[in-house]
Amino acid sequence: MDLARLALGDPGHPKSVYCSGGNIAFHSEKETPEFLNITYDWGNGFAMTCESGNFTPYMQKVPGEIRFSKTQFPFWPQTSTRIEIYGTERLMYLGRHGGGWQVMEKDGKVVDAHKDIFPDIFHHRNFIEAIRLGKPANGNVLQGHLSASLVHLADICYRTGKKQLFFDGEKEKFINNEAANKLLKGNYRAPYVVPEKI
């Protein structure tokens, strides 16, 4: 979600979320569904659709040999961790777990691309140094919160009946939906209670 939000210009919370899906492949009773199709709408011309699922064996994450390659791109149609950006003239594939990015014309011709080693190692090192030395990490806490919130909003949408939910980003509350608002905060066991104000 971080990279998809970055590609959209790091927007705040969406105005609404809608989802469809469920436990349709293995018919399990998991709370987090096997397949979920989510649409987020920011109300300003930007919408983002995400699909998640673990039942398609031909869809794979970017393998390590491509993820850390400086020259090799993934086969995008079967890359499960890709981001697709649809412009008026071109399509961009962006590797969420490495793989670089490519921009293509309508006929599939690659007109721009970038490939570099995925920065996992550098981010891990920075995070550990931030903890050891008490320095700020490269990752912005607010941006992490906004990205993680997208996952929570989708989960709440699924658990409350897969209907479109409207969200007030400033108050961080759903509009006219108390069932959804109750799921915004977990039930904690003492002494591991998260206070109302941090």
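Checking every one of the GluC sites (Glu not before Pro) in the stretch 24-101 against DSSP loop status and a limit of 12 other Cβ atoms within 10 Å picks out 29, 31, 89. With 32 Å as the limit on Cα-Cα distance, the pairs of 70/106; 106/173; 30/70 that go past it are 106/173; 30/70. Computed extension length for residue 85-residue 137: 15.9 nm, one decimal, from 0.36 nm per residue of separation with the Cα-Cα distance subtracted.
Distance distribution P(r), the chain, all Cα-Cα pairs, bin width 10 angstrom from 0: 8, 26, 34, 25, 7, 1 percent. Between helix 141-159 and the chain there is an angle of about 70 degrees, using the helix long axis and the longest principal axis of the Cα atoms.
What distance in nm separates the simple spin-label points at residue 194 and residue 20, each placed 7 Å from Cα in the Cβ direction? The two pseudo-label positions are separated by 3.1 nm.
Short-range pairs are left out: with C-alpha atoms under 8 Å and at least six residues apart, the relative contact order of the stretch 70-127 is 26 percent. Taking other Cβ atoms within 10 Å as a rough exposure proxy, 86, 40, 188, 93 sort from fewest to most as 86, 188, 93, 40. As a length-normalised measure over Cα pairs under 8 Å and 6 or more apart, the relative contact order of the stretch 26-88 settles at 23 percent. The residues packed around residue 90, meaning those with a beta-carbon under 13 Å from its beta-carbon, carry a net charge of -3 if Lys and Arg are +1 and Asp and Glu are -1.
Can you give me the angle between helix 120-133 and the longest principal axis of the chain, using Cα atoms only, in degrees from 0 to 90, rounded to the nearest 10? Between helix and principal axis, roughly 50 degrees.
Modelled label positions at residue 59 and residue 159, each set 7 Å beyond Cα in the direction of Cβ, lie 2.3 nm from each other. Multiplying the residue separation of residue 127 and residue 152 by 0.36 nm and subtracting their alpha-carbon distance yields 6.6 nm.
The residues 69, 52, when put in order of fewest to most other Cβ atoms within 10 Å, stand as 52, 69.
Measuring nothing but how far apart in sequence close Cα pairs (under 8 Å, 6+ apart) lie, relative to its length, the chain scores a relative contact order of 20 percent. Ordered by the number of other Cβ atoms lying within 10 Å of each residue's own Cβ, fewest first, 166, 122 fall into the sequence 122, 166.
Since every read-out is calculated from the coordinates, none of them should be taken as a lab result. Quantities reported herein were computed from a predicted structural model and do not represent experimental measurements. With ideal geometry, Cβ positions are generated from the backbone for all residues, glycine too; neighbour counts draw on all protein chains shown.
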